[in-house]
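A.B. asks: Supplied in structure tokens, the structure appears directly below.
The values are calculated or read from the model by the stated rules, or taken from the named source; none is laboratory data. Predicted, not measured: the structure shown is a model, and the values here were computed from it. Note that we place each Cβ from the backbone using ideal geometry, even for glycine, and neighbour counts take in every protein chain shown. Note: areas computed on protein heavy atoms with side chains; ligands, DNA, RNA excluded. Shrake-Rupley method; radii C 1.70, N 1.55, O 1.52, S 1.80 Å.
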Amino acid sequence: MQSLINTIFYRKRRYLVYFIITVIAISLPFIRINGNHIFLLSFDHMELHLLGTAFNVQQLYLMPFLLIILFVGIFFMTTLGGRVWCGWSCPQTIFRVIYRDFIETTLLGLRKKISNKQEKPKYTIISNDVKKIIGILIFSVIALMASAVFLFYFVPPEEFFPALLDPLNHMVLMTFWLCIAGFLVFDITFIAENFCVYICPYARVQSVLYDDDTIMAIYDSSRGGAIYTPEGEKILQAPKKRDPNAECTNCEKCVRVCPTHIDIRKGMQLECINCLECVDACTEVMGKLGRPSLVQWSSPNSIDTKTKIKYFRAKTIAYIVVLAIVFGIMVAMWGKKEQMLLNITRSSELYEIRSSGVVDNEYVFLFQNTDNKDHNYSFKILDNNDLIIKQPTSDIRIKAGGKSKQIVIIRAKAALGDNTSKDAITPITIQAYATDDPKINVERKSFFVYPEKNVLKKYQK
Ligand code: SF4
Ligand code: SF4
């Protein structure tokens, strides 16, 4: 099995990964669990959907954990596999493969073959200019679809498509859509790999995360022979200086295939996006000579010492531990998510003594139904049988995602506290719950104030 995998060029494996990522990216926004999305960050509804759970903007305590997982995950991935993201998953690389290799080369014949990315398209005759325009138009259609899929993670498809049919009333969304698509067309057809080399911030930071066991495309100079001096001068330009046993044929196929236009034989370079096209090229050349590729996907230590790649080392283990801890905390906090929001404040008056002598306290309840269904809500006092809810007298109906402000009056059925000289402050626990779904309930602490007996007597005369 392993030998079968080894005979498949990295390019084919990459294309398979691109296909899987594309299918997942397009499908995810359409999958819903309990009416919620797998991932949605809706600025319109101020909601985050994660794995089928909706979090209101006031419940975004998970966000810091997600960001920590994202950044530590990037550090971990880069330390382990270098710029593996760039070559195997980055949308920039995927779109460049679609535009450069599929549209420009295979479909329109603007380049002779995929294996020579250094060769500029020939625009000497008009038909090539027309082909170039056709290529940009074809990619523009793909860019419009891709930017729509990107927006699905912020504006779900069930809202995006109706907006598309009524663009004049959704100008902001339409402007975003067209601007993202326009940028994508400009980036992929004009900026090209210069984005990876000069603009992408990840390219700037990734080299500091590398160590001698990081996996990357490496030229084995002990077999192929040094091609450059430590100062960067090309030794092949002075053939006598080369080791006669060096295996590199200097065919330069690994150089011509490189999308970022570098020579991997010069050593690790910032521009390398780990696409492994050079590994494939040399595998083909050396394969004909019955030898393994001189450019390998390996680590510097593994190449130097001829040992296996060290995946587990202090740095990578530390990242795994941090990721596991943060993930564990996030899952634990996830389990404490409340299905509704309730904020209780007391009115400015401590208490009100009615003409009949009974004592009322007034509260303002601010409800929010964070579920995706309408619900009826009621509430009760859990820890004091001498208090009753006087107002409201019936359930409160709140639409899915809706809010409601309620004045709530709690009344003391009997005298509270035995002090005569000062007001009695009694802690209370209020439970609010959906009468149509027993799973939805929250508890809040507050207090009830009862007047001192001398004050009360004046009203009871
Ligand atoms: S493809 Fe292999 S043999 Fe040809 S130049 Fe590159 S490293 Fe040397
Ligand atoms: S050197 Fe060029 S071809 Fe080789 S992995 Fe890096 S970017 Fe790809």
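Residues are listed down the side, and each one gets a yes or a no for (1) assigned to a helix (DSSP H, G or I); (2) out of contact with any strand residue (DSSP E or B) (no Cβ under 8 Å at 6 or more places or on another chain):
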site	(1), (2)
Val326	yes, yes
Val331	yes, yes
Ser355	no, yes
Phe367	no, no
Phe379	no, no
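A.B. asks: Do you know which residues across region 220-236 are in a loop (DSSP other than H, G, I, E, B), closer than 18 Å to Ile303 by Cα and open to solvent by 40 Å² or more (accessible area, probe 1.4 Å)?
C.D. replies: Ala226
A.B. asks: In addition: So which residues in region 329-348 are open to solvent by 40 Å² or more (accessible area, probe 1.4 Å) and at pLDDT 80 or above, if there are any at all?
C.D. replies: Once the filter is applied, which keeps residues that are open to solvent by 40 Å² or more (accessible area, probe 1.4 Å) and at pLDDT 80 or above, region 329-348 yields Ile329, Val331, Ala332, Met333, Asn343, Thr345, Arg346.
A.B. asks: Follow-up. Of the residues Asp213, Asp187, which single one is part of a loop (DSSP other than H, G, I, E, B), away from ligand 2 (no atom under 11 Å from the Cβ) and in contact with a helix residue (DSSP H, G or I) (Cβ under 9 Å, 6 or more places away or on another chain)?
C.D. replies: Asp213
A.B. asks: Ok, one more. Looking at Phe160, is it open to solvent by less than 90 Å² (accessible area, probe 1.4 Å), in a loop (DSSP other than H, G, I, E, B) and within 30 Å of Ile38 (Cα to Cα)?
C.D. replies: no
A.B. asks: Right, another one. For region 52-65, give me each residue that is exposed (fewer than 14 other Cβ atoms within 10 Å of the Cβ) and either among the charged types (D, E, K, R) or at pLDDT 85 or above (or both).
C.D. replies: If the condition is that a residue be exposed (fewer than 14 other Cβ atoms within 10 Å of the Cβ) and either among the charged types (D, E, K, R) or at pLDDT 85 or above (or both), then Pro64 is the only one that fits.
A.B. asks: Turning to a different aspect of this structure: When region 186-199 is examined, which residues are found to be more than 15 Å from Val97 (Cβ to Cβ) and surrounded by 17 or more Cβ atoms within 10 Å (Cβ to Cβ)?
C.D. replies: Val197
A.B. asks: Tally time: how many residues in region 23-38 are open to solvent by 60 Å² or more (accessible area, probe 1.4 Å) and farther than 19 Å from Ala400 by Cα?
C.D. replies: 5
A.B. asks: Being out of contact with any Ser or Thr (no Cβ under 9 Å at 6 or more places or on another chain), open to solvent by less than 60 Å² (accessible area, probe 1.4 Å) and closer than 30 Å to Thr78 by Cα is the requirement here; does Leu323 meet it?
C.D. replies: So Leu323 passes the test.
A.B. asks: Shifting gears a bit: Tell me which residues, restricted to region 97-114, are open to solvent by 50 Å² or more (accessible area, probe 1.4 Å) and not in a helix (DSSP H, G or I).
C.D. replies: Lys112, Lys113
A.B. asks: Counting residues that are out of contact with any Pro (no Cβ under 6 Å at 6 or more places or on another chain) and within 15 Å of ligand 1 (Cβ to nearest atom), which helices (runs of 4 or more DSSP H) fully inside region 249-322 reach at least 2?
C.D. replies: Output list reads 253-256, 277-288.
A.B. asks: For region 277-293, how many residues are open to solvent by 80 Å² or more (accessible area, probe 1.4 Å) and within 9 Å of ligand 2 (Cβ to nearest atom)?
C.D. replies: Result for region 277-293: 0.
A.B. asks: Collect the residues in region 24-68 that are of a type in the set (S, T, N, Q) and assigned to a helix (DSSP H, G or I), keeping them in residue-number order.
C.D. replies: Ser27, Gln58, Gln59
A.B. asks: Okay, moving on. Residue check, Gln206 against (1) away from ligand 1 (no atom under 16 Å from the Cβ); (2) part of a loop (DSSP other than H, G, I, E, B); (3) in contact (Cβ under 8 Å) with a residue 60 or more places away in the chain, all met but one. Which one?
C.D. replies: (2)
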